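Have a look at the structure below, then the notes.
No lab work stands behind these numbers, since they all come straight from the coordinates. Remember, it's a predicted structure, so these values are computed and weren't measured experimentally. Neighbour counts run over all protein chains shown; Cβ positions are idealised from the backbone, glycine included.
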Amino acid sequence: MKTSKRELIRYLTYALVTFTLAMGIILVIKNPGIINLPQISIQKKSEAWKNIPFESFTMVVLHVTATPTDCLFKLDDCIVPRESHTMTSTGSGVVIDNSDGLTQIITAAHVCKAGEFEGMVIGGEVFEYDSISTIEVIDYHGNVHQAIVQNIDQENDLCLLLTVGEYSTPVPIAAEMPPIGSKVYNVAAPMGIFEPGMALIFDGYYSGEDWRHNVYYTIPAYPGSSGSAVFNENGEIIGIIHSATMGFPHIAIASDLDSINDLVAGY
């Protein structure tokens, strides 16, 4: 049987490779120090995600019922309508304490208190009005709790809510900020996206603060994220988100740690 030139080359190559490998193994066995293999360092994946207190998340729902009382511009043909109008907005929050049959939640001030305006517009007319606000807190498991405002800091956009009943695991407030560049986490309901047993979890990096003590994180944020907590790798609160940037919703702006501690001091 004739052997083609190509098959002969393939056979010789295979034999050469086999011989080389065999000699290499013999050399290593006889002289184990002859080959210096690089040290392979396997970095253990961070398990900080296990500390994310997602079950301490709450959705905060603000209902504002406005009733027109008088015509703002006193026009002769203005008729004050009798019906009331209810507006609903949602934000996020986090449980920080539950004891003595009560639970405290931190959120943003603009989440728990509606803005005050000079008038309300109905059918092209502007009316003076009275308003009544009610606040509901929906915990991670979907239970609804009526809430009241216990303390509020409009300047730093922070609000402390109080509800009846003890639920969720309280999240501690960190003693200090982490170094710039540290990994951080966030649990929030942007656009009102939340279902019992499912809250969105985000991560990013702590980037520092500006001269007004607004703290910046590279965490996606959108309406509905307001009031949500930013956590360090130990699962402790280091910020409460109150703003996002227009046109680039990949930056979250939060209240600083000193303001959070001032809000809860004495409560």
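Modelled label-to-label distance, Asp100 and Val80, 7 Å Cα→beta-carbon offset: nm?
Here the answer is 4.2 nm between the modelled labels.
First measure r as the distance between the Cβ atoms of Ser131 and Thr218, then evaluate 1/(1 + (r/R0)^6) with R0 = 41 Å and state the FRET efficiency to the nearest 0.05.
0.65
Taking H placed 1.01 Å from N in the peptide plane, check which residues at least 5 places from Asp97 or on another chain put their amide H under 5 Å from its amide H.
Gln104, Val171
Students often check this: by mean Cβ neighbours within 10 Å, which of 226-234, 101-109 ranks highest, and how do the rest follow?
226-234, 101-109
Read phi for every residue in region 54-70 and hand back ³J(HN,Hα) as whole Hz from Karplus 6.51 cos²θ - 1.76 cosθ + 1.60, θ = phi - 60°, with x for Gly and Pro.
Residue by residue, region 54-70 yields 5, 6, 8, 5, 9, 9, 10, 10, 10, 10, 10, 9, 10, 10, x, 10, 6 Hz.
On a straight-distance basis, which aspartates and glutamates could pair with Lys50 in a cross-link, Cα separation under 16 angstrom, same-chain partners fewer than 8 positions away excluded?
Asp203, Glu233, Glu236
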